[in-house]
Amino acid sequence: MHREWRAVVETVTSHYDEIRQRPIAPTVSPAEIREHLRTRYADFAEPVPLEVLVNDVAAMLGRWTLHVTHPRYFGLFNPSVRPASVMADTLVAAFNPQLAVWAHAPAACEIERLALGFLASRLGFEPGICAAAFTTGGSEANFTAVVAALTRAFPRYGRQGLTGTGARPTVYLSEESHHSFHKIAHATGIGRDALRIVPVDEHLRLSCSALANQITEDEAAGLHPLMVVATAGTTAAGIIDPLRETAAICGEHGLWFHVDAAWGGSAMLSPALAPHLAGIEGADSVTWDAHKWLSVPVGAGMIFCRHRAPLAQAFGVDASYVPRGAADTEDAYVTTMQWSRRFIGLKLFMALAELGAEGYGAMIDRQVAMGRRLRAALEAAGWTILNQTPLPVVCFTHRRLESGDLTPAEVATRVSAGQDGWISAVLLPGRRPALRACITSFRTDEADVARLVDGLGRALGSD
Ligand SMILES: *Cc1c(COP(=O)(O)O)cnc(C)c1O
């Protein structure tokens, strides 16, 4: 199969050589793709030679993908991926280790343990004390945190469900926090109404006075405040909620303190940025995605949890057919939601090992520098910046947008059509329409930033 493998390697390496020249966003209809698939693969009637197949799939992905690994993709938190992490995913697929039990995958389990322990120490968690696991993403990590908090607060929750607890638990989070919590509230049975959406202050941060008031009010009304979610790096505007103040309120009322740092957690690898997340070390649990700012392919999230017991209670089972682990090891199928478990951590381990911790910090810092450059260039070109954050995401508007001449979506479409960059439209609190540009690629350079700003000017037209 050497020829076929060479086709794969050729595809991957030439993709990165050519990415700057490729259109960022595809223009294709569902009908066009379905017709292509129908003519070649309908009913899988004819076996396709592997080399032909590799080339066809590569061509489809090349033409019909919104290229988040393009250096001018200034979009959502989807990164360019480190080459070491792509190699890692190939090795994982080939060996297909099963990480449900340590005994089936000793090397893989220990590699993950090392990587998670390193990141836990960066969070200020004592590695021996906290539980940590790779997840499919931030949603599963946030889900794990809510289940752990419920399990710790209500001894009956596991056997009798919420009805058995007789309580109405509530979860506090800002209007800018991630919407995965709506699904989680639905699925855990606390219900979507249990989410107390707390307003933000003028800097788009969770308002601690509003939070404290809401908790006190809910306590008086006979509800059971359970957990506060602070976000470190909100999805829309990259805002870091006041972590220390939130921790203090949680301490006062006996609430679980969760930090959703899916994107922003990676700031902990930069000595310059880490102080902005001070207070994260006091969290009961932290969500941190490797497939966001740690630049590895989806799906790779992580949950760090200070409490082992609720995880063991929530996810523990007694399955007689599963082999027992060795002493001083843990079997992930009894401490996490997943059963069969992919070797998610290798892509992070290999990327980290190749660059080194300092190299990773420098990669983060460079993206922050590009963000600062973008902010300054937009201001110089007459745009108004709407968010203040040390993280590289910029929300901005222009008097032409505010006057209703043009919508942010129209500007974003024009910028994308000119290949000047892919950016998104966003609604900030108060339903204020804005444009949003985030540095997501370690390959984004000064020329890419300049081209985006020029393209934005062209998209506005003359006034
Ligand atoms: C992306 C994100 C999530 C959801 O994580 P997935 O990995 O997409 O499941 C949750 N919270 C925040 C702040 C995020 O940025």
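The values are calculated or read from the model by the stated rules, or taken from the named source; none is laboratory data. Here the structure is a predicted model, which means the values were calculated and not measured. Using ideal geometry, Cβ is built from the backbone for each residue, glycine included, and neighbour counts are taken over all protein chains shown. Calculation scope for accessible area: heavy atoms of the full protein, side chains included, ligands and nucleic acids excluded. Shrake-Rupley method; radii C 1.70, N 1.55, O 1.52, S 1.80 Å.
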### Message
Give me the percent of accessible area attributable to carbon and sulfur for the stretch 342-426, probe 1.4 angstrom.
### Response
52
### Query
Excluding ligands, DNA and RNA, what is the solvent-accessible area per residue of the stretch 60-128 at a probe of 1.4 Å, expressed in Å²?
43
### Query
Highest mean first, what order results for 29-41, 279-291 on Cβ atoms within 10 Å?
279-291, 29-41
#### Entry: Within the accessible area of the stretch 1-158 (1.4 Å probe), percent carbon and sulfur
61
### Task
Please work out the C-alpha center-to-center distance from the stretch 118-148 to the stretch 14-35 and express it in whole Å.
36
### Query
Cα gyration tensor of the stretch 8-98, axes a ≥ b ≥ c as square roots of the eigenvalues: rounded (a/c below 1.5), prolate (a/b > b/c) or oblate?
oblate
### Query
Quick one: accessible area per residue over the stretch 173-216, 1.4 Å probe, rounded to a whole number of Å²?
49
### Message
Give me the extension gain from Val12 to Ala376: residue separation times 0.36 nm, minus the current Cα-Cα distance, reported in nm with one decimal.
### Response
127.6 nm
#### Entry: His179 - accessible surface, heavy atoms, 1.4 Å probe, Å² rounded to 10
120
## Note on the structure
For Leu428, the residues 5 or more places away or on another chain with a placed amide H closer than 5 Å to its own amide H are Ala434
### Query
Mean Kyte-Doolittle of at least -0.5 and a Cα length of 24 Å or more along the axis: which whole DSSP H helices of the chain meet both?
106-123, 346-380
### Query
Let a ≥ b ≥ c be the square roots of the eigenvalues of the Cα gyration tensor of the chain; is it rounded (a/c under 1.5), or, if not, prolate (a/b larger than b/c) or oblate?
oblate
### Task
As a check on your grasp of the helix formula, calculate [θ] at 222 nm for the chain: sum -39500 (n - 2.57) over DSSP H runs of n ≥ 4, divide by the residue count, round to the nearest 500.
-14000 deg cm²/dmol
### Query
By the gyration tensor of its Cα atoms, with a ≥ b ≥ c the square roots of the eigenvalues, what is the shape of the stretch 357-463: rounded for a/c under 1.5, prolate for a/b over b/c, or oblate?
prolate
### Query
What is the Cα centroid distance between the stretch 353-383 and the stretch 195-218, reported in whole angstrom?
31
### Summary
The percentage of the accessible area of the stretch 204-298 (probe 1.4 Å, all protein chains present) made up of carbon and sulfur atoms, to the nearest whole number, is 54
### Task
Rank by packing, highest mean first: peptides 370-383, 210-223, with packing defined as the count of other Cβ atoms within 10 Å averaged across residues.
370-383, 210-223
### Message
At 7 Å along Cα-to-Cβ for each site, give me the label-to-label distance between Ala94 and Ala326 in nm.
### Response
2.4
#### Entry: Probe 1.4 Å, protein heavy atoms only - accessible area per residue of the stretch 239-384 in square angstrom
39
### Heavy-atom accessible area ranking, 1.4 Å probe, most first, across Lys183, Lys292, Lys347
Lys183, Lys292, Lys347
### Message
Sort 7-15, 106-114, 304-312 by the packing proxy (mean of other Cβ within 10 Å over each peptide's residues), most packed first.
### Response
304-312, 106-114, 7-15
### Task
Take every DSSP beta bridge with both residues inside the chain and express the antiparallel ones as a percent of the total, to the nearest 5.
55
### Message
Quick check: with the 1.4 Å probe, what order do Ser207, Ser121 take by accessible area, largest first?
### Response
Ser121, Ser207
